[in-house]
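Before any comments, here is the structure.
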Amino acid sequence: MGQCPGCREWNTFAEEPAPAKKAGSSVKTAVRISSIEPTRLSQVSVDERQRVSSGITELDRVLGGGIVPGSLVLVGGDPGIGKSTLLLQVCHNLVRNGNNVLYISGEESAQQIKLRAQRVGDFKDDLMVLCETNLEIIRAVLEKSKPDIVVIDSIQTMYSENVSSAPGSVSQVRESTGVFMQIAKGMGISVFLVGHVTKEGVVAGPRVLEHMVDTVLYFEGDRHAAYRILRGVKNRFGSTNEIGVFEMRDTGLVEVENPSEYMLSGKPENASGSVVACSMEGTRPVLIEIQALVCQTNLPMPRRTTAGTDFNRVNLLLAVLEKRAGLHLSSCDVYVNIAGGIKMTEPAIDLGLILALVSSYKDIAVDEKAIAFGEVGLSGEIRAVNMAQQRVQEAKKLGFTTVLMPEVSRKSVEKIEGIRIIGLKTVREAVTCIMQHQS
Ligand code: TYD
Ligand code: MG
């Protein structure tokens, strides 16, 4: 069918051949049923095998403390962002620590891998490389060589002869992932899958892969800028939302140990519209610079653009400022940018956004040594956020002296030497606070 009778969209049908049923399976199932019983959870023995360190602290943190044996990890990201580079570096470390690693590439030849390997480090040790896309062959090779860790670059190039559609199609990707799942769980091999992200921002079709694998990591960042962020979005063995920060150099990816310092480098001094906010990324507070530019417009429909944060959230905050603090923003163009290209969507940056908008609108610079965090509600109230203490400590660590935060969260923060805390209850108070700084 050309058009979907459900949603009326054109050309949205994807071919999916029905799997052939094996004859006689029902007899086998009947035999098996009689011998299978549920187990008590308390009697399930846990295999206390240690996690393996990837040799890259930032990656270990995102994975929840290292690579779990027998796990299936998906690394997604735009083409050219550095997925192959990262995994090659992981291979390098793992091989050096005496693990048996196999790198399977369906995209590059062994020579190309060798060239990249020469850039990222000294590969005196033996890394096994296989350029192959046929799943049946790969399975046979794995059964024979039994490596500890396998990297598949990329899942979209793998194909199974059992499925008739082209490599990269939804059914091929699903079939291949299923096979690697069996390999991971059955043979206890940790498998890293590289997945290219489509232009809608998902790996190969609507979330097919993410349900099947244990861990999903996304590699993001601006391809033109040097830093890269590795974000955990699903993890069966640890918390999600942890990030790892890397910088792309000509010798491969380098870990950034203090992301706040990195994000704030190049912050302008005494400029209106620039505010430092604090966002929790997993267990780590990260300070970011929010920049806003608010200027009068004659356009009937003022322009609004955002980069690095949620467009709708900014619109909502503009409406709150208009209604609750009496600013006439509907006649202004508004541009918001999170410097550094990192994406931040935690509600705790609301207060920072509000302050940046007001600061630009009034053209008054905010205290350079101040950071802000707090969620803003529709009535203009500034709401509590979690982990206030850690955020204040991060501010202290980076030499800030003032913290603007929700009044209600104040009691959860212990006094810290050299930090002045200003509690705010409403956006109106936030506006007054900026006006005071002028005088
Ligand atoms: P790559 O790992 O091939 O991306 P992916 O596998 O996600 O498609 O990374 C490619 C980019 O990284 C490429 O544009 C060149 C750059 N790069 C460096 O800047 N330094 C390096 O040492 C390496 C290996 C790559
Ligand atoms: Mg690649």
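So which GluC sites (Glu not before Pro) in region 239-283 pass both tests, a DSSP loop state and at most 13 other Cβ atoms within 10 Å of the Cβ?
Values: sites: Glu242, Glu247, Glu255, Glu257, Glu261, Glu269, Glu281; in loops: Glu242, Glu257, Glu269.
Listed in order of number, the matching sites are Glu257, Glu269.
How big is D for region 121-186, in µm² s⁻¹ as a whole number, if Stokes-Einstein is applied with the Kirkwood radius of its Cα pairs at 4 °C and 1.567 mPa s?
Details: Rh = 12.8 Å.
The Stokes-Einstein estimate is 101 µm²/s.
Cα centroids of region 390-439 and region 304-339: how far apart, whole angstrom?
If we compute the Cα centre of each part, the gap is 22 Å.
Put +1 on the Cβ of every Lys and Arg and -1 on every Asp and Glu Cβ in the chain; which of Ile342, Asn11, Leu130 then has its Cα farthest towards the positive end of the dipole?
Of Ile342, Asn11, Leu130, it is Asn11.
P(r) tail for region 324-435, what percent of Cα pairs lie past 21 Å? Numbers along the way, then the final one.
Numbers: 2216 of 6216 pairs.
Tail of P(r) above 21 Å: 36 percent of Cα pairs.
Take the residue pairs Lys83/Lys369; Lys323/Lys397; Lys114/Lys397; Lys234/Lys323; Lys343/Lys369; Lys114/Lys343 and return only those whose Cα atoms are more than 31 Å apart.
Numbers: Lys83/Lys369 37 Å; Lys323/Lys397 37 Å; Lys114/Lys397 42 Å; Lys234/Lys323 38 Å; Lys343/Lys369 23 Å; Lys114/Lys343 33 Å.
Among Lys83/Lys369; Lys323/Lys397; Lys114/Lys397; Lys234/Lys323; Lys343/Lys369; Lys114/Lys343, the Cα-Cα distance tops 31 Å for Lys83/Lys369; Lys323/Lys397; Lys114/Lys397; Lys234/Lys323; Lys114/Lys343.
Return the calculated 222 nm mean residue ellipticity for the chain, to the nearest 500 deg cm²/dmol, obtained by summing -39500 (n - 2.57) across DSSP H runs with n ≥ 4 and dividing by the residue count.
That calculation yields -9000 deg cm²/dmol at 222 nm.
In whole Hz, with x marking every Gly and Pro, tabulate ³J(HN,Hα) for region 251-262 from phi via Karplus 6.51 cos²θ - 1.76 cosθ + 1.60, θ = phi - 60°.
10, x, 8, 10, 6, 9, 6, 10, x, 4, 4, 5
Suppose we look only past 40 Å in the calculated P(r) of the chain. What percent of the Cα-Cα pairs does that tail hold? Write out the running numbers ahead of the final one.
Numbers: 32572 of 96141 pairs.
Here the tail beyond 40 Å accounts for 34 percent of pairs.
Just to confirm the filter: which trypsin sites (Lys or Arg not before Pro) across region 43-143 are DSSP coil and have at most 16 other Cβ within 10 angstrom of their Cβ? Before the final figure, lay out each step's value.
On the way: sites: Arg49, Arg51, Arg61, Lys83, Arg96, Lys114, Arg116, Arg119, Lys124, Arg139; in loops: Arg49, Arg51, Lys124.
Sites meeting the loop and neighbour criteria: Arg49, Lys124.
List, in order, the whole-Hz ³J(HN,Hα) value for each residue of region 340-357 obtained from phi through the Karplus relation with A = 6.51, B = -1.76, C = 1.60 and θ = phi - 60°; use x for Gly and Pro.
x, x, 6, 9, 10, 10, 5, x, 5, 8, 3, 4, x, 4, 4, 5, 5, 5
Determine the percent antiparallel among the DSSP beta bridges restricted to the chain, to the nearest 5. Working shown, then result.
Numbers: 37 of 76 bridges.
Percent antiparallel among DSSP bridges in the chain is about 50.
From the backbone phi of region 52-63, what are the Karplus-calculated ³J(HN,Hα) couplings (6.51 cos²θ - 1.76 cosθ + 1.60, θ = phi - 60°) in whole Hz, Gly and Pro given as x?
Karplus-based 3J(HN,Hα) across region 52-63 equals 9, 6, 7, x, 10, 4, 4, 6, 4, 5, 5, 6 Hz.
Could you list Ser412, Ser360 in order of exposure, starting from the residue whose Cβ has the fewest other Cβ atoms within 10 Å? If you can, show how the numbers build up before the last one.
Values: Ser412 15, Ser360 25.
Listing Ser412, Ser360 from fewest to most nearby Cβ atoms yields Ser412, Ser360.
Any idea what % of Cα-Cα pairs in region 377-439 are farther than 14 Å?
Of all Cα-Cα distances in region 377-439, 57 percent exceed 14 Å.
So what is the relative contact order for the chain, in percent, with contacts set as C-alpha pairs under 8 Å and at least six apart? Present the calculation step by step, with values, prior to reporting the outcome.
On the way: 862 pairs, mean separation 52.8, N = 439.
Computed value for the chain: 12 percent relative contact order.
Coordinate-derived values only; no laboratory data. Bear in mind that the values here come from a model prediction, so they are computed numbers and not experimental data. Here the Cβ is made from the backbone with ideal geometry for all residues, glycine too, and neighbour counts use every protein chain on show.
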